[in-house]
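Structure record follows, encoded as structure tokens.
Every number in this text was worked out from the coordinates using simple rules, so none of it is lab data. The model shown is predicted, which means the values in this text are computed figures rather than measured ones. For neighbour counting, all protein chains shown are included, and Cβ atoms are generated from backbone atoms with ideal geometry for every residue, glycine included.
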Amino acid sequence: RKIINPKLNAYPLALNSIIKTDTILSKLIKLSEKGFSPSSLTNYIRNPLDFYKRSVLGIKEFKEIEETVAANTFGTIVHDTLEQLYLPFLNKTLQISDLEQMLILVEDEVAQQFNISYSSTAITSGKNFLAFEIAKQFVVNFLNFELRELKQGKRIKILGLEVPIEIQHHVKETDMEVKLRGKIDRIDQINGVLRIMDYKTGKVTKSQLKINDWSLLSSNEKYSKSFQVLTYAYMYLHQNKISVQEVSLESGVISFKNLKDGFMAFNGGLITEESVSNFILELDHLIMEIFDRNVPFQEKELPVFNF
């Protein structure tokens, strides 16, 4: 009898680090001319090495042919459904009858959005059927939420849907200018207050949209939602050449998995001049770090391998 064991060499996994060469820096400059999105900047905050792979090298996430609905596709379906339902009411003050009409159209519109990515039979069974029902319920829940808002006497006017936005941002204390670009899910006005709304199909809580220590905004992934909504608020103000003294502005999130909290605004209220100033300081700090030759793209977490 023999006992045979394979020889195992325990090589400890180390966090990778990429030094910034002239070639990498020139790619970063081209990237800044094309434009940084809020999601790419929060990706850097989460893990600089992922930012390097995706944004600098342009390596896309491996995508298999989707037989079942992936999370990103699911989010797109919900976003696009809401866009199509609200589009006829753009630049109009919503009426109760408008929401009631939208509720009738939900099932057909969700099915149509699924058909863009999948065959018409793909949602008749299995996980895709469940995803279809969940997407439909998310949209119905949101429309019912807005319907209750109107019945309470609130006035909601839709000003923009899936609005592309881009600005040139000058980094203070440097000669650097970078482009910031993105897409705002919805801009509306409720009882005279302008709202920048970001839809999230995942769960977001109010605590993720509050900040006390501003230095954490550009270094801690926990505050990525705050960073994102503040970026959109700053871009909107900059593009329209207005200040928070001229307009009452809120920027926040609608979480379809936490709809009971409704629209969750950053810090629970209006965007203030202090908030914008603090955000710009942290934004500049982040951009300067990205371009700093002496700061490598340091991996923050080891990759997870699924076998």
*asked:* For a protection proxy built on the mean count of beta-carbon atoms within 10 angstrom, sort 86-93, 50-57 highest first, please.
replied: 50-57, 86-93
*Let a ≥ b ≥ c be the square roots of the eigenvalues of the Cα gyration tensor of the chain; is it rounded (a/c under 1.5), or, if not, prolate (a/b larger than b/c) or oblate?*
oblate
*What fraction of the Cα pairs in region 190-307, stated in percent, has a spacing above 20 angstrom?*
49 percent
*asked:* Taking amide H atoms as placed 1.01 Å from N in the peptide plane, list the residues 5 or more away in sequence, or in a different chain, whose amide H sits under 5 Å from that of ILE211.
replied: ASN267
*Contour minus end-to-end for GLU177 and ASN9, with contour as 0.36 nm per residue of separation and end-to-end as the Cα-Cα distance?*
55.6 nm
*Starting at the first residue of region 174-187, write each ³J(HN,Hα) from the Karplus equation 6.51 cos²θ - 1.76 cosθ + 1.60 with θ = phi - 60°, in whole Hz, x for Gly and Pro.*
9, 9, 7, 10, 10, 8, 10, 9, x, 9, 8, 4, 7, 10
*What ³J(HN,Hα) values, in whole Hz, does the Karplus curve 6.51 cos²θ - 1.76 cosθ + 1.60 give for region 207-219 when θ = phi - 60°, with x put for Gly and Pro?*
5, 6, 10, 10, 8, 10, 9, 5, 5, 7, 4, 9, 9
*Pull up all non-local amide H partners of SER248: gap of 5 or more, or a different chain, and H-to-H distance under 5 Å with H placed in the peptide plane.*
LEU194
*Compute the distance in nm between two label points, each set 7 Å from the Cα along the Cα-to-Cβ direction, one at LEU87 and one at ARG293.*
5.0 nm
*What is the distance, in nm, between label points placed 7 Å from the Cα along the Cα-to-Cβ direction at LEU130 and at ALA111?*
2.2 nm
_Extended-chain gain in nm, criterion 0.36 nm per residue less alpha-carbon gap, LYS154 and ILE19_ = 43.2 nm
*Using 1/(1 + (r/R0)^6) with R0 = 25 angstrom and r between the beta carbons of LYS30 and THR205, what's the FRET efficiency to the nearest 0.05?*
0.10
*May I ask what percent, to the nearest 5, of DSSP beta bridges between residues of the chain are antiparallel?*
75 percent
*asked:* Counting only helical runs of four or more DSSP H residues, what would the 222 nm mean residue ellipticity of the chain come to if each run contributes -39,500 (n - 2.57) and the total is spread over all its residues?
replied: -13500 deg cm²/dmol
_Karplus (6.51, -1.76, 1.60) ³J(HN,Hα), θ = phi - 60°, over region 152-160, in Hz, Gly and Pro reported as x_ = 7, x, 7, 9, 10, 10, 7, 9, x
*Unit Cα scatterers, Debye sum, region 91-240: log10 I(q)/I(0) for q = 0.09, 0.14, 0.17, 0.19 Å⁻¹*: -0.42, -0.93, -1.18, -1.28
